[in-house]
Amino acid sequence: MINYVYQLVSPHVFSLDYQDVDFTSEVMVRPRYMAVCHADQRYYQGQRDASILRKKLPMALIHECCGEVLRDCTGTFQRGQKVVLIPNVPGEDDGMIYENYARGSRFLSSGSDGFMREFVNLSPDRIVPYEGVPEPVAAITEFVSVGVHAASRLELLAHSRRESIGIWGDGSLAYVVACVVRRMFPQARITVIGKNPRKLACFTFVHQTCMADMLPPGFSVDHAFECAGGEGSYYAIDDIITYIRPQGTVMLMGVSENKVAIRTRDVLEKGLTLVGSSRSGRQDFEKAVSLMENREFQNRLQYIIYEDWPVRCMKDIQRVFETDLSTPFKTTFRWDM
């Protein structure tokens with residue numbers, strides 16, 4: 001069967017590729033709603049190293065997607081069932097390593113075609129059904145699952161004193177992590193530290209928000225999430241090392257293209273645990289769906305979602321990526337290609 005695949009061939013330029021795909025052994029899904037991620041934007045804007053772009057392009061973008069089942073030759077799902085798609089393709093399974101870190105794993109829209117296709121074929125373990133979640137919200141399930149993965153690892157690794165948790169960053173990642181942490185650690189006092197007062201004003205459900213250069217005297221946290229990324233990673237990590245209490249756990253989540261200096265002397269003196277957390281696996285998706293079926297949780301996520309016009313032609317794809325540059329948080333859109 002011929003499938004239409006909409007690939008980025010060079011920064012700002014998309015092209016239609018025709019691929020002959022066998023849909024007789026897996027689950028055939030029609031994408032319905034998608035969301036733009038910063039990683040997609042870096043490819044679209046050409047902000048990755050030229051050697052990486054040459055290696056990975058042409059490639060279909062988008063790894064945040066929900067859709068509906070058209071046909072399932074495995075008998076796992078019903079036709080028309082609403083599902084979210086898992087972009088991580090597991091590699092080696094040795095029972096010790098999370099699937100998103102396993103050797104040989106692949107990630108769709110990062111070296112392999114993402115979900116900007118007419119149809120998507122996946123094995124049933126890469127699909128999670130959902131009910132009662134609006135499609136624009138379901139579209140960001142992968143993003144929520146990343147926050148779930150980080151919070152779950154903190155739950156396993158951090159010491160039991162969890163009276164206060166700090167989240168450094170005021171963008172989409174920090175917001176979603178705050179939503180997840182508020183649900184998974186209901187007894188903890190959550191403080192969000194950022195640099196944009198208008199964005200910080202959106203975090204109405206946490207206990208406290210602070211400007212990074214105006215932290216109150218004596219401020220400290222038991223554990224922390226670094227969600228700044230980019231050039232802000234250095235300053236966020238530096239602040240965390242200063243304000244976290246001894247033997248605290250630090251979840252590093254922000255992506256930086258450049259090397260980041262870390263005060264290792266203070267890390268050693270405090271006995272801190274620094275944990276890299278990236279992407280997610282099936283269990284995280286299932287937990288994310290469970291959280292998102294809660295109406296209060298949905299409402300919080302809807303607050304940061306901007307739904308753009310439907311995508312019906314190649315120019316619409318470019319429009320969505322340009323629109324996303326001017327929205328403060330997450331951009332979603334209906335996929336009608």
Size of charge dipole - the chain - debye, nearest 20, with Cβ of Lys, Arg +1 and Asp, Glu -1, no other charges | 520
If we count trypsin sites (Lys or Arg not before Pro) as exposed when they sit in a DSSP loop and have at most 14 other beta carbons within 10 Å, what is the longest stretch of the chain that avoids them all?
-> 162-258
Report which label in (1) 22; (2) 26; (3) 34 holds the value of percent of Cα pairs over 33 Å apart derived from the coordinates of this structure.
-> (2)
For the chain, set up a Gaussian network in which alpha carbons nearer than 10 Å are linked by springs, and say which option among ASP20, ASP266, ASP238 fluctuates the most.
-> ASP20
Antiparallel bridge percentage (DSSP; both residues within the chain; nearest 5) = 55
Long-range amide H partners of HIS207 with built H, under 5 Å | ILE190
Stretch in the chain that is longest and holds no GluC sites (Glu not before Pro) that DSSP places in a loop and that have at most 15 other beta carbons within 10 Å | 1-91
What whole-number value in Å² describes the accessible area per residue of segment 162-207 for a 1.4 Å probe?
-> 38
Which whole-number percentage describes the relative contact order of the chain, with Cα contacts under 8 Å and a sequence gap of 6 or more?
-> 18
For SER326, the accessible surface traced by a 1.4 Å probe with all protein chains present amounts, in square angstrom to the nearest 10, to 90
Chymotrypsin sites (Phe, Trp or Tyr not before Pro) within segment 256-336: DSSP coil, no more than 16 neighbouring Cβ in 10 Å | TYR303
Shape call for segment 71-185 from the C-alpha gyration tensor, a ≥ b ≥ c root eigenvalues: rounded (a/c under 1.5), prolate (a/b greater than b/c) or oblate?
-> prolate
Along the dipole axis of the chain (charges at Cβ: +1 for Lys and Arg, -1 for Asp and Glu; origin at the Cα centre), the most positive-end residue among VAL120, MET184, GLN47 is MET184
In sequence order, calculated HN-Hα J values of segment 163-180 (Karplus, 6.51, -1.76, 1.60; Hz; x Gly/Pro) | 6, 9, 10, x, 10, 8, x, 9, x, 4, 5, 4, 5, 5, 4, 4, 4, 5
Karplus ³J(HN,Hα) for segment 102-112 (6.51 cos²θ - 1.76 cosθ + 1.60, θ = phi - 60°; Hz, whole; x = Gly/Pro) runs 5, 4, x, 6, 10, 10, 5, 6, 8, x, 10
Among ASP49, ASP170, ASP40, the residue with the largest mean-square fluctuation in a Gaussian network model of the chain built from Cα contacts under 10 Å is ASP49
Plugging the Kirkwood radius over Cα pairs into Stokes-Einstein for segment 9-126, at a temperature of 20 °C and a viscosity of 1.002 mPa s, what D comes out in µm²/s?
-> 139
Row for segment 86-154, column shape: gyration tensor on C-alpha, a ≥ b ≥ c, rounded if a/c < 1.5 i.e. under 1.5, prolate if a/b over b/c, else oblate; value oblate
Pairs of Cα atoms under 8 Å, at least six residues apart: use those to get the relative contact order of segment 1-96, whole percent.
-> 29
Describe numerically, in nm with one decimal, the distance between label points set 7 Å from Cα along Cα→Cβ at ASN258 and at GLU163.
-> 3.8
Suppose every K and R has +1 on its Cβ and every D and E has -1 on its Cβ; what is the size of the dipole of segment 200-266 about the Cα centre, in Debye to the nearest 20?
-> 160
Across every pair of different alpha-carbon atoms, what Kirkwood hydrodynamic radius in Å does segment 144-290 reach?
-> 15.1
Distance in nm between pseudo-label sites at ARG103 and LYS195 (7 Å out along the Cβ direction from Cα) = 3.9
Point-charge dipole on Cβ atoms (K/R +1, D/E -1) for segment 102-170, about Cα centre, debye to 20 = 400
Most fluctuating residue given options VAL260, VAL133, VAL206, as computed from a GNM of the chain linking Cα atoms under 10 Å = VAL260
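The values are calculated or read from the model by the stated rules, or taken from the named source; none is laboratory data. Because the structure is predicted, anything quoted here is derived from the model rather than measured. Cβ atoms come from the backbone with ideal geometry, glycine included; neighbour counts cover every protein chain shown. Only protein heavy atoms, including side chains, enter the accessible area calculation; ligands, DNA and RNA are left aside. Shrake-Rupley method; radii C 1.70, N 1.55, O 1.52, S 1.80 Å.
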